[in-house]
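Each remark here refers to the structure printed beneath this line.
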Amino acid sequence: MAETNTQTQPPLEQLMQMNFSFAPARILTTALQLGVFSHLAAGHSTTADVARAADSSERGTRMLLDALVGFHLLSKDGDNYTLTPHARQYLVRESRDYVGWLMESGAMMDAWAHLTECVRTGRPLRRVEAQAEAEQFFPLLVRTLHVVNREPARRTAAALGAGRDAKGLRVLDVACGSGVWGIAFAEADREARVTAQDFPGVFPTTREYVQRHGLAERFDYLPGDLKEVDFGEGQYDLALLGNIVHSEGEQSSRDLFRRLHRALRPRGRVVVIDMIPNDARTGPPYQLIFALNMLINTETGDTYTLAEYTEWLSDAGFPRVETADIGSHSPAVIGHKD
């Protein structure tokens, strides 16, 4: 649905729109599951053509296609439908920038159906931070996140002076997923070397993306649970935490910051990229909604404020904390070691 300013929207209209706001997500998932965008990319342009290719009814297909037009994912001229440029780039399964991996599974929507139970009990439906779940869940999710985070990662590297003020960096990419954050630093700094850390079952996906970017010779791999793995002492200039802390909870994150402080060289930096609500936890909405996503999917995860990050980093031995605008929903938080 179109974004609405809830400050001026009539209260009843806002409530009704919230109640029906599941529909766009369901429409997109159904279109991906039926391969609608790929069928259109292959030249099937009419309702009848797409219905045959998708093995779906013409009536339902016409309604689905029209809804996608309403969301500006398709254009319509008479009986013919065509992909808009962003749909062609991001929603055609054959595209290298396809972001529909997790969307088409329906896993997130299915999990959110259990929100009432999770709020009532305070317990998650599943623990995606645990190894067995992580090795199934994240190889799918990080394919989408690689595309979503590619430009913010490059802006993060630029903000930290990679390849300009800082060369030959030794970078630790914690819970690396696709490696998107470490890859950005390796591309910006041609002398950098990256150690990618994650569960062993995630590494085949990491290696695929590292090789795709032509960086295999400059990546090392450290398998294990971030709660337990030995990061060593005084080895790294940078430690990257790209959308990791929200799944860990306060105590695990505090411990992680202390261990990373030990792993960093003098004047090393830890960089936290995450969903950061304001200090009063009154907004922005996405960061507050994502906290509930952590309730459903993790044992102790949450979203954390800049004040909380500043306190935790200071307690771990990072006396100076600053932020950097990376053109995303939240700034990067940077802790400096003496």
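The values are calculated or read from the model by the stated rules, or taken from the named source; none is laboratory data. Please read all numbers here as calculations on a predicted model, not as lab measurements. Note that each Cβ is placed from the backbone with ideal geometry, even for glycine, and that neighbours are counted across all protein chains shown.
Could you grab me the full set of residues in region 276-315 that are touching a Leu at 6+ places or on another chain (Cβ under 9 Å) and not polar (S, T, N, Q)?
Scanning region 276-315 gives ILE276, PRO277, ASP279, ARG281, LEU292, LEU295, ILE296, GLY301, ASP302.
Within the group ARG262, ARG269, ARG258, ARG281, which residue is touching a residue at least 40 places away in the same chain (Cβ under 8 Å), more than 25 Å from ARG155 (Cα to Cα) and of a type in the set (D, E, K, R)?
Of the residues listed, the single one that is touching a residue at least 40 places away in the same chain (Cβ under 8 Å), more than 25 Å from ARG155 (Cα to Cα) and of a type in the set (D, E, K, R) is ARG258.
Could you say which residue among PHE185, PHE137 is assigned to a helix (DSSP H, G or I), free of Cβ contacts under 8 Å to residues at least 60 places away in the same chain and under 25 Å from GLU233 (Cα atoms)?
So the residue among PHE185, PHE137 that is assigned to a helix (DSSP H, G or I), free of Cβ contacts under 8 Å to residues at least 60 places away in the same chain and under 25 Å from GLU233 (Cα atoms) is PHE185.
Here is a yes/no grid of residues against (1) surrounded by fewer than 18 Cβ atoms within 10 Å (Cβ to Cβ); (2) among the β-branched types (Val, Ile, Thr):
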residue: ARG254; (1), (2): yes, no
residue: ARG258; (1), (2): yes, no
residue: VAL270; (1), (2): no, yes
residue: ASP274; (1), (2): no, no
residue: ALA280; (1), (2): yes, no
residue: TYR286; (1), (2): yes, no
residue: LEU306; (1), (2): yes, no
residue: TRP312; (1), (2): no, no
residue: PRO319; (1), (2): yes, no
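Only one of these is assigned by TED's automatic domain parsing to the domain that holds ALA196 and either farther than 23 Å from VAL128 by Cβ or among the aromatic types (Phe, Trp, Tyr) (or both): GLU250, GLU233, GLU299. Name it.
Being assigned by TED's automatic domain parsing to the domain that holds ALA196 and either farther than 23 Å from VAL128 by Cβ or among the aromatic types (Phe, Trp, Tyr) (or both) holds for just one of GLU250, GLU233, GLU299, which is GLU233.
For MET103, only one of the following conditions fails: (1) within 27 Å of GLY224 (Cα to Cα); (2) in contact (Cβ under 8 Å) with a residue 12 or more places away in the chain. What is its number?
Status for MET103: all satisfied but (1).
Yes or no, residue by residue, for (1) modelled with pLDDT under 95; (2) over 18 Å from LEU295 (Cα atoms); (3) assigned to a loop (DSSP other than H, G, I, E, B); (4) assigned by TED's automatic domain parsing to the domain that holds PRO223:
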position	(1), (2), (3), (4)
ALA67	no, yes, no, no
LYS76	no, yes, no, no
THR82	no, yes, no, no
ARG93	no, yes, yes, no
MET103	yes, yes, no, no
MET109	yes, no, no, no
THR116	no, no, no, no
ARG120	no, no, no, no
GLU133	yes, no, no, yes
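For region 194-226, what are the residues that are under 20 Å from ALA157 (Cβ atoms), of a type in the set (Gly, Ala, Ser) and assigned to a helix (DSSP H, G or I)?
Hit for region 194-226 is ALA216, nothing else.
Among residues belonging to region 64-100 that are without any contact (Cβ under 8 Å) to a residue 12 or more places away in the chain and of a type in the set (Asp, Glu), point out the one that is surrounded by the fewest Cβ atoms within 10 Å (Cβ to Cβ).
Filtering region 64-100 for residues that are without any contact (Cβ under 8 Å) to a residue 12 or more places away in the chain and of a type in the set (Asp, Glu), the one surrounded by the fewest Cβ atoms within 10 Å (Cβ to Cβ) comes out as ASP77.
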